[in-house]
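The values are calculated or read from the model by the stated rules, or taken from the named source; none is laboratory data. These figures come from a predicted structure and were not determined experimentally. Every residue, glycine among them, receives a Cβ derived from its backbone with ideal geometry; neighbour counts consider all protein chains shown.
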Amino acid sequence: MAAGEYENAGDYIAHHLVNLTYGRLPAGTELCNGGVAETTQWQLAGCASEAAAMGFMAVHVDSLLWSFGLGALILFIFYRAGKKASLEAPGRFQAAIEIIVEFVGNTTKDVFHGRTGAIAPIALTVFIWVFMMNLMKLVPVDLIPYPLEKFFGVEYHKIAATTDPNITLGMATFVLMLVIGFSIKMKGWGYLRELSFTPFNTWFLVPVNLVLEIVGLLAKPISLGLRLFGNMFAGEVIFLLIAALFGASILFMPLATGLNLIWAIFHILVITLQAFIFMVLTIVYLALAHDDPH
């Protein structure tokens, strides 16, 4: 809904920070309409309190739709680029795709010393996917949620998937799985020895080494995901604060318009930089996994 339809800016911002959530609503939960759920049931949350009651296993439908939808769009774009590729007369679209691919390839070679293999395609996927999800933050905050609520009764909807920690930490978890997989592939049983005898090369300190190494291993994807989420979430809140000015008074509209334009231009750099950082750190972690201590 538009900012002017809320009692205050806090309600407006809080409403726009709630995901469209589907999950298991336990019996006895206080419903949005004031009643109480008589039975446990799976449903879409009607308000923030119902979403909170669904707990950890709830699914953010909007985040999944936009992330997978943008992923499908990326595949289609690159498929079309490959289909229409021409050595004799490359078009602007092909040139743009080639610039991105070459940029990611050169970055991978600079960071990853050795045969890149599948590393460059992974880096390209990470960079483009994160960039596209970040790019959705430049869409006006009410452009899609307002008509969905007005005409279809969908009260909550977020289109910027990277403002959802489930998405960013999910991608970071996949990076962790790749790191572990590549480490085992390159080092075999030596990877377990590396975890067990680093930093203290003695048998009786193996439990201490394992705790330290596992904490360090888990800290990498957690920091990777939270860094992206924190930057994108903060940017989203600022966009919402600026949007709230439009509903405050007609006198604030020129100020809100100027601030929105300035922040959007600045945020183009932010979303690109965050996608680049996520890609580079992914390459760095995979490069460390490939390093053979022997």
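Is it the case that Glu50 is out of contact with any Gly (no Cβ under 7 Å at 6 or more places or on another chain) and more than 16 Å from Glu155 (Cβ to Cβ)? No: the conditions fail for Glu50.
State yes or no: is Phe103 surrounded by 11 or more Cβ atoms within 10 Å (Cβ to Cβ), part of a helix (DSSP H, G or I) and modelled with pLDDT under 90?
Numbers: surrounded by 11 or more Cβ atoms within 10 Å (Cβ to Cβ): yes; part of a helix (DSSP H, G or I): yes; modelled with pLDDT under 90: no.
It is false that Phe103 is surrounded by 11 or more Cβ atoms within 10 Å (Cβ to Cβ), part of a helix (DSSP H, G or I) and modelled with pLDDT under 90.
Considering only residues in segment 43-73 that are of a type in the set (A, V, I, L, M), assigned to a helix (DSSP H, G or I) and under 17 Å from Asn33 (Cβ atoms), the one that is modelled with the lowest pLDDT turns out to be Ala48.
Please go through segment 125-156 and pick out each residue that is part of a helix (DSSP H, G or I), over 19 Å from Ile238 (Cβ atoms) and touching an Asp or Glu at 6+ places or on another chain (Cβ under 7 Å).
Within segment 125-156, the subset part of a helix (DSSP H, G or I) is 125-138, 145-152.
Next cut, over 19 Å from Ile238 (Cβ atoms) only: 125-132, 146-152.
Residue satisfying the conditions is Glu149 alone.
Has segment 76-85 got any residue that is crowded, with 17+ Cβ neighbours inside 10 Å and touching a residue at least 40 places away in the same chain (Cβ under 8 Å)? So far as segment 76-85 goes, no, none of its residues is crowded, with 17+ Cβ neighbours inside 10 Å and touching a residue at least 40 places away in the same chain (Cβ under 8 Å).
Cβ-Cβ contacts under 7 Å between residues 6 or more apart (or on different chains), taken from a first residue in segment 191-218 that is without any contact (Cβ under 8 Å) to a residue 60 or more places away in the chain and under 26 Å from Thr173 (Cβ atoms) to a second residue that is loosely packed, with under 14 Cβ neighbours inside 10 Å and of a type in the set (D, E, K, R), are absent. Kindly check whether there is at least one residue in segment 254-263 that is out of contact with any Gly (no Cβ under 9 Å at 6 or more places or on another chain), at pLDDT below 95, under 30 Å from Phe174 (Cα atoms) and among the small types (Gly, Ala, Ser). Checking segment 254-263: not a single residue is out of contact with any Gly (no Cβ under 9 Å at 6 or more places or on another chain), at pLDDT below 95, under 30 Å from Phe174 (Cα atoms) and among the small types (Gly, Ala, Ser). Scanning segment 86-100 for residues that are more than 20 Å from Met133 (Cβ to Cβ) and either surrounded by fewer than 16 Cβ atoms within 10 Å (Cβ to Cβ) or small (Gly, Ala, Ser) (or both) turns up Ser86, Leu87, Glu88, Ala89, Pro90, Gly91, Arg92, Phe93, Ala95, Glu98, Ile99.
When you check Phe182 against the structure, is it in contact with a His (Cβ under 9 Å, 6 or more places away or on another chain) and over 30 Å from Gly247 (Cα atoms), yes or no?
On the way: in contact with a His (Cβ under 9 Å, 6 or more places away or on another chain): yes; over 30 Å from Gly247 (Cα atoms): yes.
The answer is yes for Phe182.
Regarding Gly46, is this residue over 23 Å from Thr282 (Cβ atoms), more than 21 Å from the chain's Cα centre (by Cα) and touching a residue at least 60 places away in the same chain (Cβ under 8 Å)?
Values: over 23 Å from Thr282 (Cβ atoms): yes; more than 21 Å from the chain's Cα centre (by Cα): yes; touching a residue at least 60 places away in the same chain (Cβ under 8 Å): yes.
Yes; evaluated as a whole, the condition is true for this residue.
Residues of segment 25-38 that are surrounded by 15 or more Cβ atoms within 10 Å (Cβ to Cβ) and either part of a strand (DSSP E or B) or aromatic (Phe, Trp, Tyr) (or both): Leu25 alone.
Being among the β-branched types (Val, Ile, Thr) and within 22 Å of Ala120 (Cα to Cα) narrows it down to one of Thr173, Thr198, so name that one. Reasoning before the result, please.
Values: Thr198 fails: within 22 Å of Ala120 (Cα to Cα).
Testing whether each residue is among the β-branched types (Val, Ile, Thr) and within 22 Å of Ala120 (Cα to Cα) leaves just Thr173.
Of all residue pairs spaced 6 or more apart or on separate chains, those with beta-carbon atoms under 7 Å, a first member in segment 154-181 that is within 15 Å of Ala275 (Cα to Cα) and a second member that is charged (D, E, K, R) and part of a helix (DSSP H, G or I) are Ala160/Lys137; Ala160/Glu236; Thr163/Glu236.
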